[in-house]
1. Which percentage, to the nearest 5, of the DSSP beta bridges contained in the chain is antiparallel?
2. Between residue 51 and residue 69, what is the spin-label point distance in nm, taking each point 7 Å from the Cα along the Cα→C-beta axis?
3. Can you give the accessible area per residue of the stretch 1-104, in Å², using a 1.4 Å probe?
4. Picking from 43, 12, 80, which is most flexible by a Gaussian network model of the chain using Cα springs under 10 Å?
5. When the label point is put 7 Å from the Cα of residue 26 along its Cα-to-beta-carbon vector, which residues of the stretch 49-88 have a backbone N closer than 15 Å?
6. Stretched out fully, how many nm does the piece from residue 102 to residue 114 gain, at 0.36 nm a residue minus the Cα gap?
7. In whole Å and largest first, what semi-axes does the C-alpha gyration tensor of the stretch 75-114 yield when each eigenvalue is scaled by 5 and square-rooted?
8. Would you mind telling me the share, in percent, of accessible area of the stretch 1-110 contributed by carbon and sulfur at probe 1.4 angstrom?
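The values are calculated or read from the model by the stated rules, or taken from the named source; none is laboratory data. Given the structure is predicted, the values throughout are model-derived calculations rather than measurements. Note that each Cβ is placed from the backbone with ideal geometry, even for glycine, and that neighbours are counted across all protein chains shown. Accessible surface is based on the protein model in full, side chains and every heavy atom, while ligands, DNA and RNA are left aside. Shrake-Rupley method; radii C 1.70, N 1.55, O 1.52, S 1.80 Å.
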Amino acid sequence: VQLQASGGGLVQAGGSLRLSCVASGIIFSANGMGWYRQSPGKQRELVAIFTTGGSTTYADSVKGRFTISRDNAKNTVYLQMDSLKSEDTGVYYCNVWPAIRAYWGQGTQVTVSS
């Protein structure tokens, strides 16, 4: 199984980024997918979920600013991040939901400068 996240970078506060994650080795459409992040000095946390039934859930800290979507034909899940804040800085990972430890990839670094 490979979950390859990309799209991170350095952005000013208030800016936007779009992350992508391509999955291989799983039946993508049969899995809920999630975006997770690990900020400096903190434990990894769940940011957003897109279930197989089409529902989405967001951490309170990103509600109204982040949007998760998925394209089952491309085995890809996206995270559109708008109105970025310095506290959004961290390494962003995708995984199935609920997460499976063995599926963690390298993640993609997002740095928001204030």
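1. Counting only bridges with both partners in the chain, antiparallel ones make up about 90 percent.
2. 2.1 nm
3. Values: 5380 Å² over 104 residues.
Per residue, the stretch 1-104 has 52 Å² of solvent-accessible surface.
4. With Cα springs under 10 Å in the chain, the top fluctuation among 43, 12, 80 is at 43.
5. 49-54, 69-79
6. So the chain would gain 0.9 nm between residue 102 and residue 114.
7. Semi-axes (√(5λ), whole Å): 23, 12, 8.
8. Carbon-and-sulfur percentage of accessible area, whole number: 47.
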